[in-house]
Protein chains: 2
Amino acid sequence: MIAVSEAQKLIEAHSLTLQVIEVNLEEAFGHYLAEDLNAPISLPSFRQSAMDGYAIIHSEAKNLKITGQVQAGDVQVPALNPGEAIRIFTGAPVPELADTVIIQEHTTREGDNLILNQIPAKNANVRPVGEQLKVGDLALTKGHRINEASIGFLAGLGFTSVPVYKKPRVALLTTGNELQERGAPLKPNHIYESNGIMLEMALKRIGISQIEKIKVPDTLEATVKAVKKTLEQADVLLISGGISVGDYDFVQEALRENGVQEHFYKVNQKPGKPLWFGTQADQSVFGLPGNPASSLTCFYVYVLPHLRLRMGSKKPFLEERKAILQQDLRNPHDKTLFLKAGVDQNRIMPFTGQASSMLNTYAVSNALLVIEPHQTGVKQGDTVTYLDLNF
Amino acid sequence: MIAVSEAQKLIEAHSLTLQVIEVNLEEAFGHYLAEDLNAPISLPSFRQSAMDGYAIIHSEAKNLKITGQVQAGDVQVPALNPGEAIRIFTGAPVPELADTVIIQEHTTREGDNLILNQIPAKNANVRPVGEQLKVGDLALTKGHRINEASIGFLAGLGFTSVPVYKKPRVALLTTGNELQERGAPLKPNHIYESNGIMLEMALKRIGISQIEKIKVPDTLEATVKAVKKTLEQADVLLISGGISVGDYDFVQEALRENGVQEHFYKVNQKPGKPLWFGTQADQSVFGLPGNPASSLTCFYVYVLPHLRLRMGSKKPFLEERKAILQQDLRNPHDKTLFLKAGVDQNRIMPFTGQASSMLNTYAVSNALLVIEPHQTGVKQGDTVTYLDLNF
């Protein structure tokens, strides 16, 4: 049995990034950049007006004659001469001799004559070439997670595609003879299968869509076969259940028979103690506890960071934050506790119903309160650490 | 011009939820529940063993004879008599007379004889019927946002579909003759269009996939026609650009001609002052500034909460958090400032490059620092408020 921090280090140590692919900008959302990207053009690429107003020469800032106008998108730009002003709109190119744009609210127009009611600062409202970024400048760095702002930014630079790491293909094996599919009345002593769809949604939430789901009967032969088959396709294999030491838990043996190398089995934590992790060449395998809440906790603390690392992330773990605990808690067994909790501003309250089978409290949790093994007793009012489930 | 808080109130006041639909559990992720849901079965629905071990009668906790075994999923459960123990596995039904499960690690087995090395507490490791939830209990409340844990929970209760609010169909109109599509060298005085794809990705991030994108030429006639056409289909219309007071900004007139009622125009904020919001019957329209960073800020502060409200959310606004400012800031113009910022633990630092055209800093921001109009000068070390861009 190893500590949570050791388990996380082993997960990190065995997280090869996947291959680099070029994807269209439309498909890049949620991917991580596989290379530094430099700006192919300057932003802006021409001297641009930041406002609606009049382009002027600052040293000539007196009453002027309006001799033309320029709109955003105009290829032909009228020439400006001393004593003149050009009507200009936001985004339009600034005429060559102009150095300043006076906003229309600070002027009075009388026919073709422009009266300046205020004198603007020199260079006001003119965006110089490369103000945001010069051609060749570093635009975004390798490992950057592509969000909506990055996509807008890259679109503005004219990128049509970008190099990113592939997202892993994941296989989800669920074990357990007691599991029943939804859609029919529950058979005696059975439970509706929930881990498969729950983990599938958790994977989709982090942008993974190539997911193969397989239900495995509780026999060694079937488990060996299913592991072999999924390892032909998947980059990451998640197995739900069958990882304990009961006589009908065949997962470990099936992984051994398939040559998957164990990196750890059992973590000093509650819930989720019987977590298994191993690799075979560049594929990775997690044996997750069958209890749904344990399974989801292991997903957040280990599987999600591992998947993010394989996608190229540099900050793979869920964000740790601090809050003030609203009740006393005991932790007598020298374990790391992960408690489903609600956090509101900086106050955190663990829910009643922490059993590893209970998803009802997980459904309304926005935090996973972390109590370290040495924290045998924490008190109401103590500052505690939690993992933010808004990610 | 109105204050940010007034604008947000108007957005809330004009945010009708969309119709209620029943969706399959697989499609429910990211939707908001339209009704309270009660448990159709108890969880667990039978007395279940929480561990691998032996089912016993606590008052008979001495050395016992093993007379049978029961696995998870077994429909037939062997009878247990006084003086006997039944081998039992996690998730298996507990025999009728048994009240306790002793874990296997606390026993020694010799043939059919079981030696108890510890006496467990009465009822240990037996999950009573309804321990998590009893049939008819409230499972999840109206307005709950369905996440992966809720989906697992609802699957475990046997739900195959759930009543949710429809997600809005959104039309995205981009205006601006200076805009050019990616994929060809940039024409003089043009810019690559970025707001359309950026807003599309922002919409997809909050689970909206029915998005129609239309590019509108800068004429009143084209703008009137495009607004009319999109209002035939969309629940929410987002118009990027053309909302200022320049001679070529036709959006307001086009909206008036289409009978859209204005609720506000211009908010006392930077960036994003020329924001427009209106409704027509149960459709809503936002006129967003054309500058990409202004546009995205208005999306986060107004459009996103509005869309969430229409989807049934009870907490529509981005989470407000506190952090310690790492530099002095001036805010002399009595406006609300939204500054692109990086927050690390509880330290926040606005980026250099706040201009409303600049997406480079937005791409790496995880926070939007909020400076209120009365905060004319904030100092390094002050506690400030930010909107969390991890959502």
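Rg over Rh for the protein assembly as shown works out to 1.06, both radii taken from alpha-carbon positions and Rh defined as the Kirkwood radius.
With 5 Å bins beginning at zero, the pair-distance distribution over Cα atoms of the stretch A:258-317 amounts to 4, 19, 26, 24, 19, 8, 0 %. With neighbour counts taken as other beta-carbon atoms within 10 Å, the residues B:TYR165, A:TYR54, B:TYR386 rank, fewest first, as B:TYR165, B:TYR386, A:TYR54. Given all pairs of different Cα atoms, what value in angstroms does the Kirkwood hydrodynamic radius of the stretch A:1-80 take? One decimal place: 19.5 Å for the Kirkwood radius.
Helices in the protein assembly as shown, meaning DSSP H runs of at least 4 residues, each add -39500 (n - 2.57). Divided by all residues, the mean residue ellipticity at 222 nm is -4500 deg cm²/dmol. With the Kirkwood sum run over all distinct C-alpha pairs, the stretch B:48-127 has a hydrodynamic radius of 11.8 Å. From the cross-link list B:LYS166/B:LYS225; B:LYS167/B:LYS340; A:LYS9/A:LYS266, which pairs have alpha carbons spaced over 19 Å apart? From the list (B:LYS166/B:LYS225; B:LYS167/B:LYS340; A:LYS9/A:LYS266), the Cα-Cα distance tops 19 Å for B:LYS166/B:LYS225; B:LYS167/B:LYS340.
First obtain the Kirkwood hydrodynamic radius of the stretch A:36-83 from its Cα pairs, then insert it into the Stokes-Einstein equation at 4 °C and 1.567 mPa s, and state the resulting D in µm² per second as a whole number. Rounded to a whole number, D works out at 97 µm²/s. Here A:LYS228 is the anchor, and the lysines within straight C-alpha reach of less than 20 Å, apart from those fewer than 8 places off in the same chain, are A:LYS213, A:LYS215.
For the rotational copy pair B/A, the chain B residue whose Cβ lies nearest the symmetry axis, together with its distance in Å, is B:ASN390, 3. One decimal, nm, shortest first: give the distances between the label point of A:ILE206 and those of the same position in the other copies, each label point 7 Å from Cα along Cα→Cβ. With the label placed 7 Å along Cα→Cβ, A:ILE206 yields 2.5 nm. In the assembly of identical copies, B:LYS134 has its label point, taken 7 Å from Cα in the direction of the beta carbon, separated from the corresponding points by 7.4 nm (ascending, one decimal). Considering chain B, its Cα convex hull presents a mean projected area of 27.0 nm². Compared with the dominant principal axis of the Cα atoms in chain B, helix B:220-231 is inclined by about 20°.
For chain B, the relative contact order is 16 percent, taking Cα pairs closer than 8 Å that sit 6 or more residues apart in sequence and dividing their mean separation by the residue count. In terms of packing, defined here as the mean over residues of other Cβ atoms within 10 angstrom, the peptides B:206-216, B:242-252 line up highest first as B:242-252, B:206-216. Considering every pair of different Cα atoms, what Kirkwood radius, in Å, is found for the stretch B:320-388? One decimal place: 11.9 Å for the Kirkwood radius. Across the identical copies, the 7 Å label point of B:ASP247, projected outward along Cα→Cβ, sits 9.1 nm from its counterparts, in ascending order.
Relative to the dominant Cα principal axis of chain A, helix A:195-205 is inclined by about 20°.
No value in this document is a laboratory result; all are computed from the given coordinates. As the structure is a computational prediction, the values presented were derived from the model and not from experiment. Backbone-built Cβ (ideal geometry, glycine too); neighbour counts: all protein chains shown.
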